[in-house]
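Below is one structure, written out as structure tokens; the observations come after it.
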Amino acid sequence: MRTIDLNCDLGEGAGHDTELMPLITSANIACGAHTSDEATMRATVALAKRHGVAVGAHPGFADREHFGRRELSLGADEIRRLVREQISVLARIAAETNVRLTHVKPHGALYNLAAKDVVVARAIVEAVQQIDRGLVLYGLAGSELVRAGREIGLRAANEVLLIVLTAPTDF
């Protein structure tokens, strides 16, 4: 049976987490690099727990000025360390709240780069593997990230993006 997971990037300071949480099945929680802090992570994990929403790590480039949306030129070792550290912080907070971390979805430029760059994809996959081989890796459908995850035996979810417009636009 196929299922649809409605996941949302939360804990990023947008101010709508409380309204969005009851509508989703999993939350990708910012881990402190592109935005967030431990207090925000803790509050977002608690909110997810209250609504029965799965909790996942949303690691990104350490680039608060550009909200993690700018590609940074980092080597595989640096990416592995960056992702591992961010997942570890959220995993600790989740454990303190008696919540199990279920997945990892990279953020912004890191997500987009991992979709096409096999070196970046493998670095992320190795970081996830070092933390917990049971975590599901979310990646763009058909991406290098999904391929790399499956190659080493991780469960990888092919993701498609849905953009919800809340006001008329001039497309």
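The values are calculated or read from the model by the stated rules, or taken from the named source; none is laboratory data. Keep in mind it's a predicted model, so treat the numbers as computed, not measured. Because the Cβ atoms are built from the backbone with ideal geometry, glycine has one as well, and the counts that use them run over all protein chains shown.
Would you mind stating whether H58 is without any contact (Cβ under 8 Å) to a residue 60 or more places away in the chain and over 14 Å from the mean Cα position of the chain (by Cα)?
no
Looking at region 22-58, which of the residues that are hydrophobic (A, V, I, L, M, F, W, C) and part of a strand (DSSP E or B) is surrounded by the most Cβ atoms within 10 Å (Cβ to Cβ)?
So, considering only residues that are hydrophobic (A, V, I, L, M, F, W, C) and part of a strand (DSSP E or B), the one surrounded by the most Cβ atoms within 10 Å (Cβ to Cβ) is I29.
Right, E19: surrounded by fewer than 18 Cβ atoms within 10 Å (Cβ to Cβ), closer than 22 Å to R133 by Cβ and modelled with pLDDT of 95 or more or not?
Taking the combined requirement at face value, the residue does not satisfy it.
Condition first: over 11 Å from the mean Cα position of the chain (by Cα), at pLDDT below 95 and acidic (D, E). Can you find one or more residues in region 95-102 that meet it?
Looking for residues that are over 11 Å from the mean Cα position of the chain (by Cα), at pLDDT below 95 and acidic (D, E), one finds none in region 95-102, hence no.
For A91, work out the one condition from (1) under 28 Å from V118 (Cα atoms); (2) surrounded by fewer than 15 Cβ atoms within 10 Å (Cβ to Cβ); (3) touching a Leu at 6+ places or on another chain (Cβ under 7 Å) it doesn't fulfil.
(2)
Quick check: anything in region 1-15 basic (K, R), at pLDDT 95 or above and more than 16 Å from Y111 (Cα to Cα)?
No, region 1-15 contains no residue that is basic (K, R), at pLDDT 95 or above and more than 16 Å from Y111 (Cα to Cα).
Please work out which residue is farthest from A141 (Cα to Cα), limiting yourself to region 1-21 and to residues that are of a type in the set (A, V, I, L, M, F, W, C) and assigned to a loop (DSSP other than H, G, I, E, B).
A14
Could you go through region 94-116 and let me know if any residue there is surrounded by fewer than 21 Cβ atoms within 10 Å (Cβ to Cβ), over 26 Å from M21 (Cβ atoms), of a type outside the set (D, E) and touching a Lys or Arg at 6+ places or on another chain (Cβ under 9 Å).
Looking through region 94-116, none of the residues is surrounded by fewer than 21 Cβ atoms within 10 Å (Cβ to Cβ), over 26 Å from M21 (Cβ atoms), of a type outside the set (D, E) and touching a Lys or Arg at 6+ places or on another chain (Cβ under 9 Å).
Could you tell me whether any residue of region 37-45 is within 24 Å of R69 (Cβ to Cβ), modelled with pLDDT under 95 and in contact with a strand residue (DSSP E or B) (Cβ under 8 Å, 6 or more places away or on another chain)?
no
Within region 128-159, which residues are assigned to a helix (DSSP H, G or I) and either among the β-branched types (V, I, T) or in contact (Cβ under 8 Å) with a residue 60 or more places away in the chain (or both)?
V128, I131, V146
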